[in-house]
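Enquirer: Here it is, the structure in full.
The values are calculated or read from the model by the stated rules, or taken from the named source; none is laboratory data. The structure displayed is predicted, hence computed values, not measured ones. Note that we place each Cβ from the backbone using ideal geometry, even for glycine, and neighbour counts take in every protein chain shown. Side chains are part of the model used for accessible areas, which takes the heavy atoms of the whole protein and leaves out ligands, DNA and RNA. Shrake-Rupley method; radii C 1.70, N 1.55, O 1.52, S 1.80 Å.
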Amino acid sequence: MSDPRRTALGAEHDALGATFTDFGGWEMPLRYGSELAEHRAVREAAGLFDLSHMGELRVTGADAAVFLNSALVGDLARVAVGRAKYSLICAEDGGIIDDLIVYRLGDAEFLVVPNAGNAGTVAAALAERADGFEVRVADETAETSLIAVQGPASAAILDGLLPEQDREAVAGLRYYAAAQLAVAGVPVLLARTGYTGEDGFELYVPNARAAELWRVLLAAGGPRGLVPAGLAARDSLRLEAGMPLYGHELSLELTPFDAGLGPVVSFAKPERFVGRDALERRRAAPPGLTLVGLRGEGRRAGREGYAVHAAGSGVEAAAIGRITSGQPSPTLGAPIALAYLDPASAEPGTRVEVDLRGKREPFVVVPLPFYRRGG
């Protein structure tokens with residue numbers, strides 16, 4: 001097995017004393033000190049993340065919009081220039097290959113951002129599906145870095161680094177909107193997107209300017225409470241926000257309807273996108289397992305793969321589902337988890353039990369997300 005790839009910010013993480021982990025074939029900072037402190041900084045002030053392991057696929061050409069409508073489940077042709085849309089790419093049988101964000105940068109130009117471990121698979125799938133369209137799919141992952149500033153202080157931190165003429169536009173930038181401009185003199189694609197449940201921005205920057213931008217953001221944000229944050233905090237933040245993670249809540253074995261993402265699929269668009277027939281059948285079928293949130297009533301957390309049982313059921317009773325992601329919530333002060341359950345047990349308020357290595361602990365089904373900004 002080859003060694004994991006380093007991002008253009010690897011030396012910056014070394015200097016900050018990061019602990020690393022292999023994620024999606026990349027060597028990524030897991031934490032710099034306390035992951036709990038990093039989590040809380042994002043909720044209360046701001047965190048600075050290196051997300052350069054994510055993929056960047058530029059789609060251009062006269063048929064770019066109709067091509068993406070044929071390749072992905074969402075209606076990308078209706079996305080306005082300067083806006084973004086969450087979407088999915090599915091297999092013929094409706095299984096989820098990946099979830100991704102698509103930015104429309106021009107009438108005939110889009111940026112598709114898949115997850116790290118799936119970037120190559122998505123690039124190959126798009127290249128195959130491009131046959132017959134006047135379109136070009138360029139994989140720019142290797143030359144692009146992605147830095148995220150997330151948290152309630154993120155807008156104020158960026159405001160001080162913007163040219164006067166861009167400040168009002170960035171302040172008014174809507175969620176899932178993007179603009180191409182300069183931050184501290186560094187050209188970036190600045191998007192008001194994120195994976196933490198907080199206000200924040202993601203900055204796409206050429207590798208050659210990434211370290212410069214990272215240092216500027218770290219220096220500007222320090223007085224406002226910004227700290228560098230690793231993947232451990234990012235995972236606990238996204239779990240509190242009820243956001244799915246590929247390989248946990250999403251997979252080739254699951255369809256968008258299984259994952260509660262049916263609204264992402266557009267059957268109104270005319271294109272016969274890959275997986276459409278299978279998804280139309282799945283939409284009409286009785287629901288299988290349902291993705292829900294669980295909150296523990298004790299102190300012990302359920303983890304991925306742990307079985308969920310009906311409350312009060314005997315030791316021989318079959319499980320009604322399994323946890324896909326789970327850990328203690330720093331913000332709520334209680335264990336939380338995402339789990340796939342039998343629909344009959346998926347209503348909020350339903351009491352269940354999680355098998356924690358032979359001992360059952362009480363949990364209750366709760367609405368998602370667990371945490372919502374502003375209450």
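Enquirer: From the square roots a ≥ b ≥ c of the eigenvalues of the alpha-carbon gyration tensor of the chain, which class results: rounded (a/c under 1.5), prolate (a/b over b/c), or oblate? Walk me through the numbers before you get to the answer.
Expert: Working: a/c = 1.86, a/b = 1.18, b/c = 1.57.
Cα axes put the chain in the oblate bin.
Enquirer: Based on alpha-carbon centroids, what's the gap between segment 134-181 and segment 236-297 in Å, whole number please?
Expert: 28 Å
Enquirer: Restrict the search to segment 115-187; then list the trypsin sites (Lys or Arg not before Pro) that DSSP places in a loop and that have at most 15 other Cβ atoms within 10 Å of their Cβ.
Expert: Details: sites: Arg129, Arg136, Arg167, Arg174; in loops: Arg174.
Hits after loop and neighbour filter: Arg174.
Enquirer: Can you run the Rg to Rh ratio on segment 255-369? Use alpha carbon positions and the Kirkwood inverse-distance Rh. Before the final figure, lay out each step's value.
Expert: Details: Rg = 16.2 Å, Rh = 15.2 Å.
Rounded to two decimals, Rg over Rh is 1.07.
Enquirer: Running Debye on segment 81-172 with equal point scatterers at the Cα sites and no solvent, what base-10 log of I(q)/I(0) appears at q = 0.14, 0.19 Å⁻¹?
Expert: Debye output, listed in q order: -0.69, -1.05.
Enquirer: Turning to a different aspect of this structure: Quick check on the chain: helices-only [θ] at 222 nm, where DSSP H runs of length 4 and up contribute -39,500 (n - 2.57) each and the sum goes over total residues. Nearest 500, please. Walk me through the numbers before you get to the answer.
Expert: Working: 9 runs with 83 residues, N = 375.
Result for the chain, helices only: -6500 deg cm²/dmol.
Enquirer: Calculate one ³J(HN,Hα) per residue across segment 185-191 by plugging θ = phi - 60° into the Karplus curve 6.51 cos²θ - 1.76 cosθ + 1.60, and present them in order as whole Hz with x for glycine and proline.
Expert: x, 9, x, 9, 9, 9, 10
Enquirer: Can I ask one more? How much accessible area per residue does segment 56-178 have, counting only protein heavy atoms and a probe of 1.4 Å, in square angstrom?
Expert: 39 Å²
Enquirer: Residue by residue through segment 212-218, which ³J(HN,Hα) values in whole Hz follow from phi under the Karplus form 6.51 cos²θ - 1.76 cosθ + 1.60 (θ = phi - 60°), with glycine and proline marked x?
Expert: For segment 212-218, the Karplus-derived couplings read 4, 5, 4, 5, 4, 5, 5 Hz, x marking Gly and Pro.
Enquirer: Under the rule of at least 5 residues apart or a separate chain, name every residue whose amide H is placed under 5 Å from the amide H of Asp98.
Expert: Ile89
Enquirer: Using a 1.4 angstrom probe on heavy atoms only, work out the carbon and sulfur share of the accessible area of the chain in %.
Expert: Working: 8050 of 15850 Å².
After summing per-atom areas, the C and S share lands at 51 percent.
Enquirer: Considering only protein heavy atoms, what per residue accessible area in square angstrom results for segment 293-375 with a 1.4 angstrom probe? Please list the in-between numbers first.
Expert: Working: 4240 Å² over 83 residues.
That works out to 51 Å² for each residue.
Enquirer: Within segment 131-164, which GluC sites (Glu not before Pro) sit in a loop by DSSP and count at most 15 neighbouring Cβ atoms inside 10 Å?
Expert: Details: sites: Glu134, Glu140, Glu143, Glu164; in loops: Glu134, Glu140.
Counting only loop positions with at most 15 other Cβ atoms within 10 Å, the GluC sites (Glu not before Pro) in segment 131-164 are Glu134, Glu140.
Enquirer: Where the convex hull is taken over the Cα atoms of segment 172-245, what is its projected area averaged over directions, in nm²? List each step's numbers first, then the result.
Expert: Details: hull surface 22.9 nm².
If I average the Cα hull's projected area over directions, I get 5.7 nm².
Enquirer: In whole Hz, what ³J(HN,Hα) sequence does segment 55-63 give by Karplus (6.51, -1.76, 1.60; θ = phi - 60°), x for Gly and Pro?
Expert: x, 9, 10, 8, 10, 9, x, 4, 9
Enquirer: Give the accessible surface of segment 203-252 per residue, rounded to a whole number of Å², with probe radius 1.4 Å and ligands, DNA and RNA excluded. Numbers along the way, then the final one.
Expert: On the way: 1700 Å² over 50 residues.
Per residue, segment 203-252 has an accessible area of 34 Å².
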